[in-house]
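Below: one structure, written as structure tokens.
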Amino acid sequence: MGPVWRVLVDAFFHKWIGPDDAVLDVGAGRCNFINRVTARRKVALDADPDAATYAAADVTFVQASGLEGLDLGGAFDIAFVSNFLEHLENPDAVLKFLADLRPHLKPDGRVLILQPNFALLGAKYFDVIDHKTILTDDSLVQALEVTGYEIEFLKKRFLPYSSRSRLPKAAWMVRLYLAVPPAQFFLGKQTFVVARPRS
């Protein structure tokens, strides 16, 4: 997955991230995103202590299962949340997470969310055994707005459902996929949202 994430960061996600930014990756897992970001400060957060073994030398790893009351050493310009919310217990847990995230963002900070979309997947949404909470693009937007965010960018159909899906693995093919909107329309089952705290 390394080459895929390098292209995703360099060709797409980088437009929201500056070299002087502080970036938080929530549910970082194998640190595919945070390791490839160019930023002044990079923090990976995950409940699994083994995730620390994947963090690059310039990434600070924090083991935690939640954000409430957590001291992360200052506010962030960017929080990245990928394939995480659907693992939370219920919609109330999603709302709590988004509310708990706000104090960790600067007033002009942004949260970038990459999320499987039940409206595009149907029953396949539950092909991953620990998916618990149903989210669509509409319900994700509602959750963000209810918890004090405003939507800056929304791409309903972005990436295929998972790395086991038909997302091309060669770097040049990923670049081609990102450059061809019809491919995203037919294969995209994940939604991408950028939101910022409402002033």
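Derivation of every value follows stated rules applied to the coordinates shown; laboratory data play no part. Bear in mind the structure is a predicted one, so any value in this text is a computation, not a measurement. Please note: Cβ atoms are built from the backbone with ideal geometry, for glycine as well, and neighbour counts cover all protein chains shown.
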With label points set 7 Å from each Cα along the Cα-to-Cβ direction at Ala99 and Glu150, the distance between them in nm comes to 2.2 nm
Over 22 Å between Cα atoms, which of Lys42/Lys189; Lys42/Lys96; Lys42/Lys124; Lys124/Lys189; Lys96/Lys189 qualify? Lys42/Lys189; Lys42/Lys96; Lys42/Lys124; Lys96/Lys189
Cα gyration tensor of the chain - equivalent ellipsoid semi-axes, whole Å, descending: 23, 21, 17
Hey, what did the chain get for relative contact order, percent, Cα under 8 Å, at least 6 apart? 21 percent
